[in-house]
Amino acid sequence: MLPKGVKSMKTIEKIVSGKLIMPQRKRVAAYARVSVESVRMQHSLSAQVSYYSSFIQSRRDWIFAGVYADYAASGTKTDGRGEFKRMLADCEAGQIDMILTKSIQRFARNTVDLLKTVRRLRELGIAVVFEKENINSLSGDGEMMLTILASFAQEESRSISDNSKWGVRKRFQTGEIGVSNKHILGYRYDGERKQYVVIPEEAVVVRRIFRLYLDGKSLRAICEDLNSKGHRTVNGCLFQEASLSQLIKNEIYAGDLLRQKTFIVDPIIKNKVRNNGELPKYYHADAHEAILDRETYARVQAEITRRAALLNPVYPFTGKIRCALCGSPFTRKMKQDNGVPYVHWICRSKKEVGKTCRSRNYPETLLERICAGILRTDGFNAEVFSVRVKEMIALPDGSIEFHLTGNETRVWKDLHLDEFRHETTKTDAFQRRIRCGLCGETYHRVCRNDKWVSWYCMGKRLKGHSCSSRDYPDSHLRIVSACVMGTKDFDEALFSQQVEQIRVLGSYKFEFIFKDGRTKQWEKA
Ligand SMILES: [Zn+2]
Ligand SMILES: [Zn+2]
């Protein structure tokens, strides 16, 4: 029953510049607890007390710090843990370095209590040694062992009336339930043996996947390798990166099973405790025949971690952009353009083998500018973005629909105007020359940074007004003006000389009024 890797305690001696320094003597206490139900049990308590007293005092490197002993009336809500509390207070007061106790079951009433106490004591640098389970709580794998064993200890104290629940838990432990996948590449679940059994011809494919991964191949390259050789998934489909990334993490290939425990019922205080992640998952080592040796499996896990760290996959846009065409999320992709790397976001289905999506790609810098514009921030502000933007839908025409907090929707429309012409405006060419056709106010300039200058209707900012006209990037107004004036580039001197006013008639619909009385209209196709 005892898990592997539980080591006995070792005394560590430090050697400093040739001198042997004996470790300080540890102040060691013991905790004992028995039920008051029988006189025999009381004998048992005094036996425990004297055993611990003499044991601790027999060690030359230890100082006896006392035995704390509680009588507990089991099966009730009576606390009966006065000594336990006194011991913890003495620990907090710095009077104890180590606690010996017979078993997990004696020490704590339930898993939650156990972990809470042991963690607090660890913060204080105090070890708890569980004799029966041979665990030192300060050892490297101490907590994992405790978590697993505590759940068993709880089972032991469960009353007979809890038989049915006990049965459920027992089946959980033995792996009889919770098997959602009857067929995993390399394994088939044998209902009679209640175990996964190896399918040799599939195991060959599994080993190949792990070997290629360790050879440095990307998941995509592995997919291509497998698919081109005619291998298929258990469902007969082509291998995809996403499913492969799950496959290489599956502990099943090392012979283990991890079972998620979703609830735990405290057998003594009869409370239901929600699993907030501190409670155990059942980990069954050697549950079935392994396809890979543990070393290979461990090396792959280390490689996954290493690659994940390199990719640093958490970006502001991760998980925020969805493709309206196929429903896939967008993913970040690094490309080279004549040796110059650039980053863009693409529909993830484009990365998957055998699938194509016609959605457009967005350079990351463009997305940042779009967001700055939509959220009216000074440049791209990741913090504002993460708080305000719930989702961005990449529409088929390349526009992006922003779903913001407060049920607000804003749409960025792709203008197909040159996105790379956001030069700084150092002049006042448009100052007081743009007038809103909706509310009559003039447009004002806002400089978000050197590269992003845009114009907004003052009617949006004035009290009592709520103009719905849109903002225009300075660069777009330059392009439109150049187009209206018939010049290749925006000619500021010529513009100031000739143009009296630009009236905004609608979204990207302008009327240019010239000083000589002529008017010209421009509208985006
Ligand atoms: Zn798509
Ligand atoms: Zn207006």
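The values are calculated or read from the model by the stated rules, or taken from the named source; none is laboratory data. Computed from a predicted model, the values in this text were never measured in an experiment. Note that we place each Cβ from the backbone using ideal geometry, even for glycine, and neighbour counts take in every protein chain shown.
Restricting attention to the stretch 341-350, the residues being within 12 Å of ligand 1 (Cβ to nearest atom) and surrounded by fewer than 18 Cβ atoms within 10 Å (Cβ to Cβ) number 0.
Working carefully through the options Arg388, Arg369, Arg358, find the one that is within 16 Å of ligand 1 (Cβ to nearest atom) and not hydrophobic (A, V, I, L, M, F, W, C).
Arg358
For the stretch 112-121, a residue qualifies if it is surrounded by 15 or more Cβ atoms within 10 Å (Cβ to Cβ) and modelled with pLDDT under 85, and the qualifying residues are Val112, Asp113, Leu114, Leu115.
Within the stretch 502-525, the set of residues being in a strand (DSSP E or B), of a type outside the set (D, E, K, R) and under 53 Å from the mean Cα position of the chain (by Cα) comprises Ile502, Val504, Leu505, Gly506, Phe510, Gln521, Trp522. Residues in the stretch 454-478 that are of a type in the set (S, T, N, Q) and either outside any strand (DSSP E or B) or within 7 Å of ligand 2 (Cβ to nearest atom) (or both): Ser466, Ser468, Ser469, Ser475.
I need the full set of residues from the stretch 489-512 which are among the hydrophobic types (A, V, I, L, M, F, W, C) and surrounded by fewer than 17 Cβ atoms within 10 Å (Cβ to Cβ), in order please. Don't jump to the end; show me each part of the working.
Going through the stretch 489-512, the residues among the hydrophobic types (A, V, I, L, M, F, W, C) turn out to be 490, 493-495, 499, 502, 504-505, 510, 512.
Within the stretch 489-512, Ala493, Leu494, Leu505 qualify.
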